[in-house]
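**Student:** A single structure is presented below for examination.
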Amino acid sequence: MEGHGENTTGSPKGEPTACIRKSGTAAASIEFTSVLNGEKSPAGYLEEKFDVPSYRLSLPIGIKQSDAFFNLLEKLSETPLPHRYEDERRRLVDSYVDGHKYVFGKKAIVYGEEDLVIAITAFLREIGITPVLCASGGKSGFLKKRLEEMVPDLNDLGIKVRDGVDFVDIEARQKSSSRISLSATAKALPCRGKITFRSSVSDSRFMTDSEDNGCIILGTREPRNCLTES
């Protein structure tokens, strides 16, 4: 629990091997995953080999999951939540209220790495956006089950879940629907007439909207006519 409540900056080169060697003496391990099984889990290994208690949480995106993370930190460290985080939470709640009239009822397609898709989908429901499709190239077999746990009304809302799919599959699904599409591993590129997201995958592929229908989608080619009138 070193550094809890303090401003810390991690090394850009990662943790030194000396710190990794000490991980077997840790008071606890926290891992952010919803789909990693115990056999492949670093925290599971430490618990099995060194009796280090392990705790598994979803990625702390949004209020509910961030609360779960901070509550666990308070429990493990026996330290109350620093006031600055309480202030940040209050400001976030206020932002939710202010933004509700703009985002409530909007539709989205979410795709990316499985843990990110799960966390982003839960966050979107938290602010009133309804995903129509949640997809990932991952094949853990846990995507739908974990989404149902995080989003209890998943099936009632008719949210589709697909795993083991690629960008071509997603693009085909999107073309049949005028939806906003969000990538769980992307950043927005502003452009005239449409919005394109750049994927953070290593080969820097793209999806672009071939028709100016107000959708936000991703594709497998370089954006065309992005900065010019359609």
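Every read-out reported here was derived from the displayed coordinates using simple, explicitly stated rules and does not represent laboratory data. What you see is a predicted model; the values in this text were computed from it and never measured. Heads up, the Cβs are rebuilt from the backbone with ideal geometry, glycines too, and the neighbour counts pull from every protein chain shown.
**Student:** Given a cut-off of under 8 Å on Cα pairs at least six residues apart, what relative contact order in percent is computed for the range 83-145?
**Tutor:** Once normalised by length, the contact order is 34 percent.
**Student:** Also: Report the full-extension gain for the segment LYS107 to LYS145: residue separation times 0.36 nm, less the Cα-Cα distance, to one decimal in nm.
**Tutor:** 11.5 nm
**Student:** If amide H atoms are built 1.01 Å from N in the plane of the peptide, which residues on other chains or at least 5 residues away come under 5 Å of the amide H of LYS160?
**Tutor:** Residues meeting the criterion, in which the H sits 1.01 Å from N, are LEU133, CYS134.
**Student:** Can you give the relative contact order of the range 22-145 as a percent, counting alpha carbon pairs under 8 Å and 6+ residues apart?
**Tutor:** Here the relative contact order equals 23 percent.
**Student:** Continuing with the same structure: Please count, across the range 1-143, the pairs of lysine residues with Cα atoms under 20 Å apart that sit 8 or more places apart or on different chains. Kindly include the intermediate steps, with their values, before the conclusion.
**Tutor:** Working: LYS13/LYS22; LYS22/LYS40; LYS22/LYS49; LYS40/LYS49; LYS40/LYS139; LYS64/LYS75.
Summing the qualifying lysine pairs gives 6.
**Student:** Further question: Would you kindly state how much longer the chain becomes between ALA26 and ASN71 on full extension, computed as 0.36 nm times their sequence separation minus their alpha carbon distance, in nm to one decimal?
**Tutor:** Details: separation 45, 0.36 × 45 = 16.20 nm, distance 1.86 nm.
The ALA26-ASN71 span can extend by a further 14.3 nm.
**Student:** Let me ask another. What FRET efficiency do you get for THR17 and ARG90 if R0 is 45 Å and r is their Cβ-Cβ distance, rounded to the nearest 0.05?
**Tutor:** The pair THR17/ARG90 has a calculated efficiency of 0.65.
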